[in-house]
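A.B. asks: I am attaching a structure below and will ask some questions about it afterwards.
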Amino acid sequence: MGGSGQRGPSFSRRTGWCRDLGRFGLLSREARRGSKALIDLTESNPTRCGLLDTAPLVASLGDRRGTCYDPAPLGLPEARAAVARYYRQRGAEVSAERVVLTSSSSESYSWLFKLLCDPGDRVLVPQPSYPLLPYLADLESVELVSYRLIRDEGWRIDLEALRTVVDDHPEARALVAVHPANPTGSLVRPSEAQALDRLARQRGLALIVDEVFIDYPHGAGAPSHLPSFAGQSGEALRFVLSGLSKVALLPQIKLGWMVIDGPPAVATEALGRLEVIADSYLSVSTAAQLAAAPVLDRVGELQDDVRGRLLQNLSALDSAIAARGPGCPLRRLPSDGGWYSLIEVPRSRSDDDWVARLVEQAQVLTHPGYLFDIEQAGTMVVSLLLEPAVFESAIGRAVACWSEG
Ligand SMILES: Cc1ncc(COP(=O)(O)O)c(C=O)c1O
């Protein structure tokens, strides 16, 4: 014991992340610690935004039947039926047999990467996109390859570039689309959906469609958007992901799902394999599954509250910019849905310098766009979930600070 030459345990290479907070991490930690008056425009935890009381929904976790354990790897039939009903209420025909329950959308990604990829295989993801995806990929020893969304064209998918990326990466196994995307808020147009399906089928890729924000459309493009990929006709193997964290504003319940569509034989094989993955973890609690139906059947009012708030906050942002007059150097990027808004600010400072200045001068914290892999500097991301009076005051101060440099 203790002799020289002793080696400590070694860790996997894939968990060797750089865990330094980085400049934004340090800035935000200091800002949150420093001032009680700080308004955090990065807040998107719905349980902290003063939305309608969810206690009656959370009470569904107390169903007495939760005292028994009778595991069903793909999910309890009544919970899978509740998910199918949720889609039916939105005009999509989904069979409960094609629903798989998970503990979150993040877990759905992990299971799909296990299902579809061997170590070193690639998954194509949009850029910009959601900062957790690289970690989920690392954890499954999968590599992400980005395909571009075109900023100046409403973040439409650059299909030509995507085809080239697919050609260049024969190890790609899956193509991810986020509908609406985080943080850009862009919806996949019906013509893009068709092109993705065709490309995926031709190149043997599975399509993974992340729809966690689908119930929150609000932009000019929203009325003509594809409501959900679930239940749509298509030829590629397709997995549609969502969950209670956004649909019911209850991230703490930990219930997500995926809906499988595609050629019957392949979809059945995917379900069979997913059942073994699910059986290896049995990660979804019985209480959460029993709560699925009572929660999903009552999300209407909560979602109305959020949609109203998103519209009100977007309007406050637009008014704050308009009030600066035609010479205002700021622009809100148009979006079709979701909980965030992107604002173009002068590129006279770096994104982190803007964040620091805003904290100092306006006592407002925002996200810099680079956290979401937005290439163009001078793009700030704000959450639209805060209470309107709080949001209006914060965004007014932020807009003044960005405009005055
Ligand atoms: C686009 C997107 N997908 C998935 C998730 C993860 O959702 P969940 O809480 O269900 O894991 C998030 C969380 O913010 C997200 O923004």
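A.B. asks: Just tell me the longest site-free run in the chain, where the sites are chymotrypsin sites (Phe, Trp or Tyr not before Pro) in a DSSP loop having at most 14 other beta-carbon atoms within 10 Å.
C.D. replies: The longest uninterrupted stretch comes out as 70-405.
A.B. asks: Once you have a ≥ b ≥ c as the square roots of the Cα gyration tensor eigenvalues for the range 344-405, tell me rounded if a/c is under 1.5, and otherwise prolate or oblate according to whether a/b is larger than b/c.
C.D. replies: oblate
A.B. asks: Here is a follow-up. Leaving ligands and nucleic acids out of the surface, order Val284, Val83 by accessible area at 1.4 Å, largest first.
C.D. replies: Output order, biggest surface exposure first: Val284, Val83.
A.B. asks: May I ask you to list the GluC sites (Glu not before Pro) in the range 316-396 that are in a DSSP loop and have at most 12 other Cβ atoms within 10 Å of their Cβ?
C.D. replies: Glu375
A.B. asks: Related question: Where the only charges are on Cβ atoms (+1 Lys, Arg; -1 Asp, Glu), what is the dipole of the chain about its Cα centre, to the nearest 20 debye?
C.D. replies: With Lys and Arg at +1 and Asp and Glu at -1, about 540 debye.
A.B. asks: Please give the charge dipole size of the range 226-365, origin at the Cα centre, charges +1 on K and R Cβ atoms and -1 on D and E Cβ atoms. Round to the nearest 20 debye.
C.D. replies: 420
A.B. asks: Moving on. Can you tell me the alpha carbon radius of gyration of the chain divided by the globular rule-of-thumb value 2.2 N^0.38 Å?
C.D. replies: 1.02
A.B. asks: Restricting things to alpha carbons, find the Rg to Rh ratio for the range 13-82 using the Kirkwood radius for Rh.
C.D. replies: Ratio value, two decimals: 1.18.
A.B. asks: For the range 68-297, take every pair of Cα atoms, bin their distances at 10 Å starting from 0, and report each bin as a whole percent.
C.D. replies: Result returned by the calculation: 8, 35, 39, 16, 2, 0.
A.B. asks: Between rounded, prolate and oblate, where does the range 128-200 land on the alpha carbon gyration tensor, with a ≥ b ≥ c its root eigenvalues, rounded for a/c under 1.5, else prolate if a/b exceeds b/c?
C.D. replies: Because a/c hits 1.5 or more and a/b fails to exceed b/c, the range 128-200 counts as oblate.
A.B. asks: Using the Kyte-Doolittle scale, find the helices of the chain whose mean hydropathy is at least -1.0 and whose Cα atoms extend 30 Å or more along the helix's long axis, counting only whole DSSP H runs.
C.D. replies: Answer set is 300-322.
A.B. asks: Rounding to the nearest 20 debye, state how big the charge dipole of the range 1-103 is about its Cα centre with +1 on each Lys and Arg Cβ and -1 on each Asp and Glu Cβ.
C.D. replies: In total the dipole reaches around 420 debye.
A.B. asks: For the chain, give the share of DSSP beta bridges that are antiparallel, in percent and rounded to the nearest 5; count only bridges with both residues there.
C.D. replies: Counting DSSP beta bridges with both partners in the chain, the antiparallel share is about 50 percent.
A.B. asks: I'd like the distance separating the alpha-carbon centroids of the range 273-306 and the range 105-129, in whole Å.
C.D. replies: Each part reduced to its Cα centre gives a spacing of 21 Å.
A.B. asks: Another question, if that's okay. Per residue, how many Å² of accessible area does the chain show with a 1.4 Å probe?
C.D. replies: Each residue of the chain exposes 45 Å² on average to a 1.4 Å probe.
A.B. asks: Another one. With runs of 4+ DSSP H residues as the only contributors, calculate the mean residue ellipticity of the chain at 222 nm using -39,500 (n - 2.57) per run, divided by the residue total and rounded to the nearest 500.
C.D. replies: That comes out to -12000 deg cm²/dmol.
A.B. asks: Right, next: Loop only by DSSP, 16 or fewer other Cβ within 10 Å of the Cβ. Give me the trypsin sites (Lys or Arg not before Pro) in the range 339-405 that pass, ordered by residue number.
C.D. replies: Sparse-neighbourhood loop trypsin sites (Lys or Arg not before Pro): Arg347, Arg349.
A.B. asks: Please give the FRET efficiency for Arg307 paired with Ala59, using the beta carbon to beta carbon distance and R0 = 22 Å, rounded to the nearest 0.05.
C.D. replies: Efficiency, from the Cβ-Cβ distance: 0.35.
A.B. asks: Now, a different point. In the range 33-96, which GluC sites (Glu not before Pro) are in a loop and have at most 10 other Cβ atoms within 10 Å, using DSSP for the loop call?
C.D. replies: Here the sparse-neighbourhood loop sites are Glu93.
The values are calculated or read from the model by the stated rules, or taken from the named source; none is laboratory data. Please read these numbers as outputs of a predicted model, since none were measured by experiment. Because the Cβ atoms are built from the backbone with ideal geometry, glycine has one as well, and the counts that use them run over all protein chains shown. Areas reflect the complete protein model, heavy atoms only, side chains present, ligands, DNA and RNA absent. Shrake-Rupley method; radii C 1.70, N 1.55, O 1.52, S 1.80 Å.
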